[in-house]
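S.K.: The structure's right below; bear with me while I get my questions together.
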Amino acid sequence: MKIVVFAGGVGTRLWPLSRKNSPKQFEKILGDKSTLQLAVDRLNPDFAFEDIYVATGEKYEKIVRVQLPKIPAKNFIFEPAVRDVGPAVGMAMSIIGKEYPNSPVAILWSDHFVKKERRFREVLHFAEGLVKKNNNALILIGQRARFANQNLGWIEFGREIEEIRGTKVFEFKKLIYRPTLEQAEQFLETGNFAWNPGYFVTTPGFILSQFKTFAPQLYAGLKQIRDAVGTARLDRTVNAVYPTLEKISFDNAILEKIHPKHVAVIAADLGWSDVGAWEALKEALEKTSDENVTKGKVIINDSSDNLVFNYTDQLVVGIDLEKMLVISTDDVLLVCSKNSVPKIKKLVEKLENTPHEHLT
C-alpha cells in the first residue's frame, strides 16, 4: 500500500506557535520531533519509506526534505499554490495513480496525535485488505468519540457489514462537519457516530473516476497532470495547471456526492487527537480534565484545567487560573480562555495589512 501524508495548511488555531512561514506540522509540539516526523515514524515499522509520500506547499520544500531525509526525493509532491484539499488529494492520486491505478492508497494528515500506534497500523492494514478485494471502495477510518466534541467533523455509520478479528466494518451514512454542542452530545449518546480524522483508504483509479463524474472541470486539469507524469514536462504542467484548479474541499467535491454503496467505515479507538488547536492538544496530553498541562519554564499554583506552554527563557507564573491558555513565544504572549480558541483565527486574520502582519 502507498501512503500520502499531507503536510499543508497554516494552522492558525495553534498561533502564535504556528505561523505562515513555519506551520504547526513542522514544529516540535509534542516532544523532540515535529508532528510531521511523528506521523511518518508511526508508519515506518510496517510501511517502507519508499511507499510513503509527502504532499505540501512548495514553499515548505526545504523544511520537509530536512525533516524527512529518508523519504525518497521522488516521493515529495509539491503544490505550487493553495487550492484546498480537493485539488491536493486529486493531484496526489493523479501522480501515484499513473503507475499504481488499482493499488490501495491511504490518505493521512501530519498534524495529528495517535497514542495507539500499533492499533492504528492494524486498522490501516484492514482497510488495505478491503480495498484489495474491491478496487471501487473507499474506507473511512473513524475515531470512536471520547466526548461531545463540536470542533471536529463526525461520521454517521449504519449497520455492521463484517468483523475482521475484532475490527468492525460499518455501512456509511453521512458526514457532519462541526455540529452544535447539542448535536455532538446526541451523537455521543446514540453510539453510531465517530469522529472524522480525515483518514481514508481507496485506489487512485476510483477517486479519479469520482472526480470525472462529480467535478469534471477539476478532473480535466488533474488529467493533464496525470498525463505528464513520467515525462520531462511534469513540473511545467503542475505549475501551469494546479493554480488554475477550483479551490474546493475534498468533502464538497467528492465525499458529499459519492454513492454510499462505495463507502464503508472502520470506527476504532486509535487514541487519535487533532492537535490543530490548543484545547485539543490539552485534551490529548492530559490524564484528567482538571490537570494543568505545561511546557517549558512554568510555575502554576492554585489553578486547574489550564495549558501553559512557554517557548522562551523567561519564567511564566500563573496563580488562580482556570480553563485558560497561556502561550509565550519570543515575540507574542497569548492569554485566553479555552473556549475562545475559535477567535484566534479571526484575530490572526485581522493582523494582516497592519504593523503586526509579520507575526502571522
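S.K.: Roughly how many debye, to the nearest 20, is the charge dipole of segment 221-360 about its Cα centre, given +1 on each Lys and Arg Cβ, -1 on each Asp and Glu Cβ, and no other charges? List each step's numbers first, then the result.
M.R.: Values: 17 positive and 22 negative charges, 174 e Å.
So the dipole magnitude of segment 221-360 works out to roughly 840 debye.
S.K.: What lysines could a cross-link reach from Lys70, if we take a straight Cα to Cα line under 18 Å and drop same-chain neighbours fewer than 8 places away?
M.R.: Lys2, Lys33, Lys62
S.K.: Out of Ser273, Val298, Leu315, whose Cα points farthest toward the positive end of the dipole of the chain (charges: +1 Lys, Arg; -1 Asp, Glu; placed on Cβ)?
M.R.: Ser273
S.K.: Please give the FRET efficiency for Asp251 paired with Ser303, using the beta carbon to beta carbon distance and R0 = 30 Å, rounded to the nearest 0.05. Let's see the in-between values first.
M.R.: Working: r = 39 Å, r/R0 = 1.30.
According to the calculation, E is roughly 0.15.
S.K.: Right, something else. Return one number: the angle in degrees, 0 to 90 and rounded to the nearest 10, between the long axis of the Cα atoms of helix 85-97 and the longest principal axis of the Cα atoms of the chain.
M.R.: It is inclined by approximately 50 degrees.
S.K.: Same structure again: Among the DSSP beta bridges whose two residues both lie in the chain, what percent are antiparallel, rounded to the nearest 5?
M.R.: On the way: 32 of 63 bridges.
Beta bridges within the chain, antiparallel portion: roughly 50 percent.
S.K.: Next up: Net charge near Gly11: determine it from the other residues with C-beta under 10 Å of the C-beta of Gly11, scoring Lys and Arg +1 and Asp and Glu -1.
M.R.: That sum, taken over residues with Cβ under 10 Å, equals +3.
S.K.: Taking neighbour Cβ counts within 10 Å as the exposure measure, how do Met93, Met1 sort from fewest upward? Display every interim value, and only then the final one.
M.R.: Numbers: Met93 27, Met1 18.
Least crowded to most crowded, the residues run Met1, Met93.
S.K.: Working from Cα positions, state the angle (0 to 90°, nearest 10) between the long axis of helix 117-133 and the longest principal axis of the chain.
M.R.: Its long axis makes an angle of about 20 degrees.
S.K.: Any chance you could give the angle, 0 to 90 degrees and rounded to 10, that helix 204-214 forms with the longest Cα principal axis of the chain?
M.R.: 90
S.K.: Moving on. For the chain, set up a GNM with springs between Cα atoms under 10 Å and report which of Arg226, Arg19, Arg236 has the largest fluctuation.
M.R.: With Cα springs under 10 Å in the chain, the top fluctuation among Arg226, Arg19, Arg236 is at Arg236.
S.K.: Let me ask something else about it. For the chain, what does -39500 (n - 2.57) per DSSP helix run (n ≥ 4), summed and divided by total residues, give at 222 nm, in deg cm²/dmol to the nearest 500?
M.R.: Values: 10 runs with 105 residues, N = 360.
Calculated from helices alone, the mean residue ellipticity at 222 nm is -8500 deg cm²/dmol.
S.K.: So for the chain, averaging the separation of alpha carbon pairs under 8 Å that are six or more residues apart and normalising by length, what relative contact order in percent results? Present the calculation step by step, with values, prior to reporting the outcome.
M.R.: Numbers: 702 pairs, mean separation 71.3, N = 360.
Rounded, it is 20 percent for the chain.
S.K.: How big is the dipole moment of segment 286-359 about its Cα centre under a simple scheme where the beta carbon of each Lys and Arg is +1, that of each Asp and Glu is -1, and everything else is neutral? Debye, nearest 20, please. List each step's numbers first, then the result.
M.R.: Numbers: 9 positive and 13 negative charges, 46 e Å.
For this selection, approximately 220 debye.
S.K.: Eigenvalues of the Cα gyration tensor times 5, then square-rooted: what semi-axes does that give for the chain, in whole angstrom, largest first?
M.R.: Numbers: eigenvalues 229, 131, 69 Å².
Sorted largest first and rounded, they come to 34, 26, 19 Å.
S.K.: Given the Cα-Cα distance of Arg178 and Arg236 and 0.36 nm per residue of separation, how much length would full extension add, in nm?
M.R.: Values: separation 58, 0.36 × 58 = 20.88 nm, distance 3.82 nm.
Computed gain between Arg178 and Arg236 is 17.1 nm.
S.K.: Under 10 Å, Cα contacts only: if you run a Gaussian network model on the chain, which one of Gly86, Gly318, Gly205 comes out with the highest mean-square fluctuation?
M.R.: Gly318
S.K.: Could you work out how far apart the two model spin labels at Phe147 and Glu117 are, taking each label as a point 7 Å from the Cα in the direction of the beta carbon, and quote it in nm?
M.R.: The modelled label-to-label distance comes out at 2.6 nm.
S.K.: Further, regarding this structure: By the scheme Lys and Arg +1, Asp and Glu -1, what is the net charge of all other residues having a beta-carbon under 10 Å from that of Phe309?
M.R.: On the way: positive: Lys282, Lys295; negative: none.
Local charge sum for Phe309: +2.
S.K.: Among Ile63, Ile164, Ile300, whose mean-square fluctuation peaks in a Gaussian network model of the chain (Cα, cutoff 10 Å)?
M.R.: Of Ile63, Ile164, Ile300, the most mobile in the Gaussian network model is Ile164.
S.K.: Say R0 is 25 Å: what FRET efficiency, to the nearest 0.05, do Asp32 and Ala81 get from their beta-carbon distance? Numbers along the way, then the final one.
M.R.: Numbers: r = 33 Å, r/R0 = 1.31.
Efficiency, rounded to the nearest 0.05: 0.15.
S.K.: Placing +1 on the Cβ of each Lys and Arg and -1 on the Cβ of each Asp and Glu in the chain, which of Phe157, Ser337, Phe126 has its Cα farthest towards the positive end of the resulting dipole?
M.R.: Phe126
S.K.: At R0 = 25 Å, how high is the FRET efficiency between Lys20 and Leu315 if r is their beta carbon distance? Nearest 0.05 is fine. Show your work: numbers first, answer last.
M.R.: Working: r = 29 Å, r/R0 = 1.17.
With R0 = 25 Å, the Cβ-Cβ based efficiency is 0.30.
S.K.: Among Gln186, Thr167, Thr360, whose Cα projects farthest towards the positive end of the dipole of the chain, with charges put on the beta-carbon of Lys, Arg (+1) and Asp, Glu (-1)?
M.R.: Farthest towards the positive end: Thr167.
S.K.: Going 7 Å from the Cα of Val335 in the Cα-to-Cβ direction, what parts of segment 1-39 have a backbone nitrogen less than 16 Å from that spot?
M.R.: Counting only backbone N, you get 16.
S.K.: Then there's this: Let me know the charge dipole size of the chain about its Cα centre in debye, to the nearest 20, where only the beta-carbon of Lys, Arg (+1) and Asp, Glu (-1) is charged.
M.R.: Charge dipole of the chain: 1080 debye, to the nearest 20.
The numbers here are math on the coordinates, done by the rules we state, and not lab data. Just so we're clear, the structure is a prediction, and the values are computed from it rather than from any experiment. Note that we place each Cβ from the backbone using ideal geometry, even for glycine, and neighbour counts take in every protein chain shown.
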